[in-house]
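First, the structure itself, so that you have it in front of you.
The values are calculated or read from the model by the stated rules, or taken from the named source; none is laboratory data. Bear in mind the structure is a predicted one, so any value in this text is a computation, not a measurement. Don't worry about glycine lacking a Cβ; one is built from the backbone with ideal geometry, like all the others, and counts go over all protein chains shown. Just so you know, the surface numbers come from the protein's heavy atoms only, side chains and all, with ligands and any DNA or RNA stripped out. Shrake-Rupley method; radii C 1.70, N 1.55, O 1.52, S 1.80 Å.
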Amino acid sequence: MITGNVVVVGGGVAGMEVAGQLARSGCMVSLIEKESSAGGHIKEWHHLFPDRRNSMEVTDYLARQINHDNITLLTGTTIARMGYGKKVFTVDTENGKSISADAVVVATGFDLFRSERKEEYGYGIYDNVITSADLEVMFRNGEIKLTDGRRPEKIGIVHCVGSRDEKVGNIYCSKLCCITAVKQAMELKEHLSDARVYCFYMDMRMGGALYEETYRESQEKYGINFIRGKVSEVGETIDHKLIIKVEDTLVGRPLRMELDMIVLMAGMEMSKGGEQMAQIFGLKTGENRFFAAADHHYGSNESNVEALFFAGSCTAPMNITETISHARAAAAEVICYLRKAER
Amino acid sequence: MEKFGFKISKTRVIDFDQNDKSVAEFIYTNEPSFRLCIECGGCSATCTAGNFIPFSLRELQILLKRGETEKVKDNIEKCMLCGKCSLVCPRGVNTRNIIELAKRAFKTPELHAV
Ligand code: SF4
Ligand code: SF4
Ligand code: SF4
């Protein structure tokens, strides 16, 4: 057992896991969350890739993790100022609280790319152009409908929206949206067995555990179609059908397709909260605007500030498995630091 | 006896070692963003010319890189230099300059010939 006060900034998957781990080791933890409840993005997600389990199973686990006497959860709270001197942090919240801590863990996560910024894809302009996040809400409500109430028969999924795109200032790959596209394509077929689903991709990035198997399953069992080309724009016909423009690069000819619904695979960006933290405390960020850890290989939880550590997708796009592992590693780093400080 | 083995029709194969890639080299030198293309086809999808006639800027670029220059020479003249392609390119490839450079290279072989 160790003693020490730790402030964890961000009550998503990473923050909840790191708080739970630290509390069980004896630390007193203040878990700060800007929203009215902890849980992060995964709260809004219905099923998780690759196995399509209900996300509630993971949120229930996380809720159990933070259900500990050593944890004070401060929701609806953001940080106004933070100072460090004589090995103690003073964290002032916007609502007037002041907390001292021996260590801080930043777990501010990511924001989803706002798809309306990619104007040519028509989000917010045409009915029935939705995002991957909107589709999860539909899955949770159990009904996939067009705005006029009809069932879509032909659905297009557009990969890399807000990722790998210099035009929106994000040159990196968000890493999770290819597998999300495959997962959502299969789930669409489960809801609408007669529908045809087409994924428009530049590269299929199936680098995670069971991703390639899921991709194969989507072809074999669900008949999902894949077309290689970057969608250049989405338009609408006079009878309100969506129309997609792409080059079928493997055939080498432009391709037009009418669709009832288009789902945009929104990428991940450094969160606004993270950007504020970087500013407040002079934390280093990378070219991708996520936090730059002290060492890419063996210091991925360490920052450029003593006693301040990173956990989860505030450092790079990560899936839930990776986020939880990274959060546990952050807890280990904090414990190691507090031990050294005790001596 | 019948001989089996790698006797493939010459015209089908990209003879990578023999092909003349000097036009591509000339473009790489003068427009380094030529290296950044990921063959996504965004440019070709939006291209004014390519939607009516057989013309794909994505394809022309890869052909140049493989030294299949004969297929590019006349085709590239179909470009109307409208610049729409550069508005969609996710890699910031300076497509118009690539077209201009390729045209120049074809007109004045001494610029790049080895
Ligand atoms: S994971 Fe796939 S869809 Fe997402 S940015 Fe990377 S290549 Fe694009
Ligand atoms: S500049 Fe040429 S290649 Fe580019 S869109 Fe216009 S016609 Fe097509
Ligand atoms: S849009 Fe850019 S990256 Fe894509 S094929 Fe055209 S030049 Fe290459």
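Using a 1.4 Å probe on protein heavy atoms only, how many Å² of accessible area do B and A hide from each other, summed over both chains and rounded to 100?
Separately minus together, B and A give about 1400 Å² buried.
Pick from A:Ala331, A:Ala209, A:Ala133 the residue whose mean-square fluctuation is largest in a GNM of chain A, springs joining Cα atoms under 10 Å.
Maximum fluctuation in the GNM of chain A, among the listed residues, is at A:Ala209.
If I stretch the segment between A:Ser193 and A:Arg289 completely, what's the gain in nm (0.36 nm per residue apart, minus their alpha carbon distance), one decimal?
In short, 30.5 nm is gained.
Oh, and also: Note down the magnitude of the dipole of the range A:115-268 about its Cα centre, charges +1 on Lys and Arg C-beta and -1 on Asp and Glu C-beta and zero elsewhere, to the nearest 20 debye.
With only Lys, Arg, Asp and Glu charged at Cβ, the dipole is about 300 debye.
May I pose another question? In percent, how large is the relative contact order of chain A, given Cα pairs closer than 8 Å and 6 or more residues apart?
Worked out over chain A, it gives 20 percent.
Using modelled amide H (1.01 Å from N, peptide plane; none on Pro or chain starts), what sits under 5 Å from the amide H of A:Arg196, excluding residues fewer than 5 places away?
Excluding prolines and chain starts, which carry no amide H, the hits are A:Lys154, A:Ile155.
Also: Going by a 1.4 Å probe on protein heavy atoms, which residues of the range A:232-248 end up with at least 40 Å² less accessible surface in the whole assembly than in their chain alone?
Buried-area filter returns A:Ser232, A:Glu247.
What per residue convex hull volume, in Å³, do the alpha-carbon atoms of the range B:37-112 yield?
With only Cα atoms used, the range B:37-112 gives 83 Å³ per residue.
Another question about this same structure. List the aspartates and glutamates whose alpha-carbon lies under 15 Å from that of A:Lys97, not counting same-chain residues fewer than 8 positions away?
A:Glu33
Place +1 on the Cβ of every Lys and Arg and -1 on the Cβ of every Asp and Glu in chain A, take the dipole about the Cα centre, and give the residue among A:Leu264, A:Phe89, A:Ile71 whose Cα lies farthest towards its positive end.
Final value for the positive-end residue is A:Phe89.
I've got another one for you. Probe of 1.4 angstrom, ligands and nucleic acids ignored: what's the accessible area per residue over the protein assembly as shown, in square angstrom?
Per-residue accessible area for the protein assembly as shown comes out at 49 Å².
What does the charge dipole of the protein assembly as shown about its Cα centre add up to, to the nearest 20 debye, if the Cβ of each Lys and Arg holds +1 and the Cβ of each Asp and Glu holds -1?
Magnitude of the dipole: close to 700 debye.
In addition: Whole number please: convex hull volume per residue, Cα atoms of the protein assembly as shown, in Å³.
214
For the range A:172-314, what does the alpha-carbon gyration tensor say about shape, rounded, prolate or oblate, given a ≥ b ≥ c as the root eigenvalues, a/c under 1.5 as rounded, and a/b over b/c as prolate?
prolate
Do the alpha carbons of any pairs in A:Lys118/A:Lys230; B:Lys65/B:Lys107; A:Lys118/A:Lys175; A:Lys245/B:Lys78; A:Lys145/A:Lys189; A:Lys34/A:Lys167 sit beyond 23 Å of each other, and which pairs?
Exceeds cut-off: A:Lys34/A:Lys167.
Helix A:272-281 versus the longest principal axis of chain A: what is the Cα-based angle in degrees, 0 to 90, to the nearest 10?
30
Could you name every residue in the range A:145-187 that has 30 Å² or more less accessible surface in the full protein assembly than in its own chain alone (probe 1.4 Å, ligands and nucleic acids excluded)?
Buried-area filter returns A:Arg164, A:Glu166, A:Lys167.
Would you mind finding the longest exposed-site-free stretch of chain A, with exposed GluC sites (Glu not before Pro) meaning DSSP loop and at most 15 other Cβ atoms within 10 Å?
Between the exposed loop sites, the longest stretch runs A:154-286.
Right, something else. So for chain A, taking the charge dipole from beta-carbon charges (+1 Lys/Arg, -1 Asp/Glu), which of A:Thr321, A:Leu255, A:Ser25 sits furthest toward the positive end?
A:Ser25
Looking at chain A as a GNM with Cα springs under 10 Å, which of A:Met270, A:Met204, A:Met16 has the largest mean-square fluctuation?
Highest fluctuation of the listed residues: A:Met204.
Taking the Cα centre of chain B as origin, sum charge times position over the Cβ atoms of Lys and Arg (+1) and Asp and Glu (-1), and report the length of that vector in debye to the nearest 20.
200
In whole percent, what relative contact order does chain B give with Cα contacts below 8 Å and a gap of six or more residues?
That works out to 35 percent.
Taking the alpha-carbon distance from A:Lys86 and a cut-off under 17 Å, which aspartates and glutamates remain once sequence neighbours fewer than 8 residues away in the same chain are dropped?
A:Asp102, A:Glu306, A:Glu342
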